[in-house]
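Student: Take a look at the following structure, please.
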Protein chains: 4
Amino acid sequence: MSGSLNKVMLIGNLGDDVKMHYFEGGGCIGRFPIATSETYTSKQTNERITNTEWHNIVVRNKGAEICEKYLSKGDKVYIEGRLKTRKWTDDKGNDRYSTEIQCNDFTFLSTKKESANNASNAESPAAQKPAENPQPSSQPIAEDNDDLPF
Amino acid sequence: MSGSLNKVMLIGNLGDDVKMHYFEGGGCIGRFPIATSETYTSKQTNERITNTEWHNIVVRNKGAEICEKYLSKGDKVYIEGRLKTRKWTDDKGNDRYSTEIQCNDFTFLSTKKESANNASNAESPAAQKPAENPQPSSQPIAEDNDDLPF
Amino acid sequence: MSGSLNKVMLIGNLGDDVKMHYFEGGGCIGRFPIATSETYTSKQTNERITNTEWHNIVVRNKGAEICEKYLSKGDKVYIEGRLKTRKWTDDKGNDRYSTEIQCNDFTFLSTKKESANNASNAESPAAQKPAENPQPSSQPIAEDNDDLPF
Amino acid sequence: MSGSLNKVMLIGNLGDDVKMHYFEGGGCIGRFPIATSETYTSKQTNERITNTEWHNIVVRNKGAEICEKYLSKGDKVYIEGRLKTRKWTDDKGNDRYSTEIQCNDFTFLSTKKESANNASNAESPAAQKPAENPQPSSQPIAEDNDDLPF
DNA sequence: TTTT
DNA sequence: TTTT
């Protein structure tokens, strides 16, 4: 379709480590869940209610490798991407649907692993070579635009 | 959780009319699908490939009523909202998940029905009373912030 | 800095045609203003107030050429980009600042000129060759990522 | 205008503390600068180049008070708002323009001051009463929707 | 003026 | 399954 926009922007925490999948052609994807939540005060009961939402993030190629290297369970991250609902068939032959965020940009807002200080845009070689003197800090990293069909 | 963001922004076309559901307490929701798509040229075959993605939009209360009044199948709309994955049980007792966009802001980019020209923010009474002299144009409308749990 | 995001998203109408500037090295930029506005009802006077905001859009290279080809004064467009404030010196020697949106993605929501139907991502050659049978419709087009310092 | 969107989303660090301005009617605004930057590798010289951009943030009423309470120079924050260019006259009588981000949502991604733990949406009373046992952490806070014309 |  |  023309004149269309499909954009998701999330800030949340990883519920698990990045799981990598490597393909024969040399490509790879990384998957991880992130949680967002909002807290509000119920008008009825006047108590604080927290609502957590889970999102399945999928990153490709260089971006996936950078995420795997620097992100781990619990880290906070900014994710930008597209919504994609995959159709699959369960073991009973039923059509099933799963909605994912195909991540095409991300920024680390905290990292537990060795720091990716000075690491930056995934398109540049520097992104693969983080700072000599790692510090516990955050960094912006964008992923590549390769055409892996996932 | 704190420090979290859950935002979806879409521009797409309605795949169907707005379906309304009214609740006993006086609230209501409207549901409609919108399609986004992107077209790219395959690196392998060099042919143009169009990928359409469908999104389930849910709007509440006044916003739902405005959407129902002015939007119909085929119209183009800007949608802003939150991702929410609902869990439900199918007739065989399996857990099933459905991801929706809880819309909290929208802007009409084309309308087939009578125009909502001059209609605007849903929080203002004027939003309910579109222009006397309707024109085939677009309009920005935001929905209310009521606390309907859907 | 790391961990940073600079994103602007606009839907508005061109206040003027695209003005092109060509550079010796072969690069070019296109500039055009777009207007956004919101209408609200004054709490004091109860009258409808419309507030128009003007934004200076700057697009580069292939994206600029596509905008010039298909956009003209009055057209509606979705613009995504970064905020950049340029410093310049006026004829009296005063420091002056001008804030622009460096556009890195756009989608046509209406066009008056010949249609760019089927035109799409600027990175592909097809974006330069719109459909044989033009129709008055909209189309999504992204610009390139070249490194023109403007 | 109808069919319009004016949205800015930033993640950056405060370059200075929040400056408050109180009005006679009881309203107030807070102002602070935030820096975003991107680092890339120059194609010509192959050196790392960092580009910092400064943004003037304006927050109103309750949101301003929450920002003043919890944010200080150096803190990282997510800001969402609208672009607004103000016109003013300098001491020589020249027209001058200044572009600001009218913030209508924000999320703390780090805070140096006493923590706003459990503090949340500014519309709820709880947002004004942070946790008894402050911790150095982040929190999401949205501002109110009052109609202060700034 | 921030941050890494 | 995260985080506060």
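The values are calculated or read from the model by the stated rules, or taken from the named source; none is laboratory data. Owing to the predicted nature of the structure, the values given are computational and were not obtained by experimental measurement. When we count neighbours, we look across all protein chains shown, and the Cβ atoms used for this are built from the backbone with ideal geometry, even at glycine. For accessibility, only protein heavy atoms count, side chains too; no ligands or nucleic acids. Shrake-Rupley method; radii C 1.70, N 1.55, O 1.52, S 1.80 Å.
Student: If I filter segment A:37-50 down to residues being open to solvent by 70 Å² or more (accessible area, probe 1.4 Å) and among the β-branched types (Val, Ile, Thr), which single residue comes out as farthest from DNA strand F (Cβ to nearest atom)? It would help to see each step written out before you state the result.
Tutor: So in segment A:37-50, the residues open to solvent by 70 Å² or more (accessible area, probe 1.4 Å) come out as A:40, A:43-48, A:50.
When the remaining residues are screened for being among the β-branched types (Val, Ile, Thr), the result is A:45, A:50.
Numbers: A:THR45: 18, A:THR50: 6 Å.
That would be A:THR45.
Student: Let me ask something additional. Take the conditions closer than 28 Å to B:LEU10 by Cβ, assigned to a strand (DSSP E or B), away from DNA strand F (no atom under 16 Å from the Cβ) and of a type in the set (Asp, Glu) and apply them to A:GLU53. Does it pass?
Tutor: No: the conditions fail for A:GLU53.
Student: Counting only residues that are of a type in the set (Lys, Arg), free of Cβ contacts under 8 Å to residues at least 12 places away in the same chain, assigned to a loop (DSSP other than H, G, I, E, B) and more than 10 Å from every other protein chain (Cβ to nearest Cβ), how many does segment B:69-102 have?
Tutor: Total meeting the criteria: 0.
Student: Ok, one more. For segment D:42-54, name all the residues that are within 11 Å of chain C (Cβ to nearest Cβ) and among the hydroxyl-bearing types (Ser, Thr, Tyr).
Tutor: Those that are within 11 Å of chain C (Cβ to nearest Cβ) and among the hydroxyl-bearing types (Ser, Thr, Tyr): D:SER42, D:THR50, D:THR52.
Student: Only residues that are out of contact with any helix residue (DSSP H, G or I) (no Cβ under 8 Å at 6 or more places or on another chain) and in contact (Cβ under 8 Å) with a residue 40 or more places away in the chain: list them for segment A:54-68, please.
Tutor: Passing the criteria: A:HIS55, A:ASN56, A:ILE57, A:VAL58, A:ARG60, A:ASN61, A:GLY63, A:ALA64, A:CYS67, A:GLU68.
Student: In segment D:8-36, which residues are more than 7 Å from chain C (Cβ to nearest Cβ), away from DNA strand E (no atom under 16 Å from the Cβ) and surrounded by 16 or more Cβ atoms within 10 Å (Cβ to Cβ)?
Tutor: D:GLY27, D:CYS28, D:ILE29 - these are the residues of segment D:8-36 that are more than 7 Å from chain C (Cβ to nearest Cβ), away from DNA strand E (no atom under 16 Å from the Cβ) and surrounded by 16 or more Cβ atoms within 10 Å (Cβ to Cβ).
Student: If you don't mind, there's one more thing I want to ask. Assess whether A:SER2 counts as being crowded, with 21+ Cβ neighbours inside 10 Å and modelled with pLDDT under 95.
Tutor: When the stated conditions are applied, A:SER2 passes them.
Student: Kindly indicate whether B:THR39 is more than 14 Å from chain D (Cβ to nearest Cβ), modelled with pLDDT under 90 and under 21 Å from C:LEU109 (Cα atoms).
Tutor: When the stated conditions are applied, B:THR39 passes them.
Student: Enumerate the pairs (first residue in segment A:1-27 and without any contact (Cβ under 8 Å) to a residue 60 or more places away in the chain and in a loop (DSSP other than H, G, I, E, B); second residue anywhere and of a type in the set (Val, Ile, Thr) and open to solvent by 20 Å² or more (accessible area, probe 1.4 Å)) with beta-carbon separation below 7 Å, excluding pairs fewer than 6 apart on the same chain, so at least 6 apart or on different chains.
Tutor: Note: pairs meeting the criteria are A:MET1/B:THR52.
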